[in-house]
Amino acid sequence: MPKIKTNRAAAKRFKATATGKLKRNKAYKSHILTKKSTKRKRNLRQPAITDATNVKNMKKILPYL
C-alpha cells in the first residue's frame, strides 16, 4: 500500500493530545472584536476538543497524527 498524504491545512490546525483526542483552536477571534465582550474573547483563547461527530473524518485526513 502507498503512503497516505496528510492534509497540510488540517495538520496546522489540529494537534493530538496524549490520550489521542484532537485539540483545536476556537474560531471568531480574528476581527470584529470591538462588539465582543472581554469575557467572550478570553474564552476564545482556550483550546477545545474536536467534537466526536467530526473525529472519524479528521483521522482520515490526518493519518499519522
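The values are calculated or read from the model by the stated rules, or taken from the named source; none is laboratory data. As the structure is a computational prediction, the values presented were derived from the model and not from experiment. Don't worry about glycine lacking a Cβ; one is built from the backbone with ideal geometry, like all the others, and counts go over all protein chains shown. Heads up: the accessible areas ignore ligands, DNA and RNA and are worked out on the full protein's heavy atoms, side chains in. Shrake-Rupley method; radii C 1.70, N 1.55, O 1.52, S 1.80 Å.
Condition (residue is part of a loop (DSSP other than H, G, I, E, B), basic (Lys, Arg) and touching a strand residue (DSSP E or B) at 6+ places or on another chain (Cβ under 7 Å)) applied to the stretch 32-44: is it met by at least one residue? Quick ask: steps written out before the conclusion?
As a first pass, look at the stretch 32-44 and keep what is part of a loop (DSSP other than H, G, I, E, B): 32-37.
Next, from what is left, pick out any that are basic (Lys, Arg): 35-36.
From the residues that got through so far, the ones that are touching a strand residue (DSSP E or B) at 6+ places or on another chain (Cβ under 7 Å) too are none.
No: the stretch 32-44 contains no residue that is part of a loop (DSSP other than H, G, I, E, B), basic (Lys, Arg) and touching a strand residue (DSSP E or B) at 6+ places or on another chain (Cβ under 7 Å).
Report yes if LYS5 is open to solvent by 60 Å² or more (accessible area, probe 1.4 Å), of a type in the set (D, E, K, R) and outside any loop (DSSP other than H, G, I, E, B), otherwise no.
It is false that LYS5 is open to solvent by 60 Å² or more (accessible area, probe 1.4 Å), of a type in the set (D, E, K, R) and outside any loop (DSSP other than H, G, I, E, B).
Across the stretch 12-31, what is the number of residues that are open to solvent by 90 Å² or more (accessible area, probe 1.4 Å) and either assigned to a loop (DSSP other than H, G, I, E, B) or aliphatic (A, V, I, L, M) (or both)?
The qualifying residues number 7.
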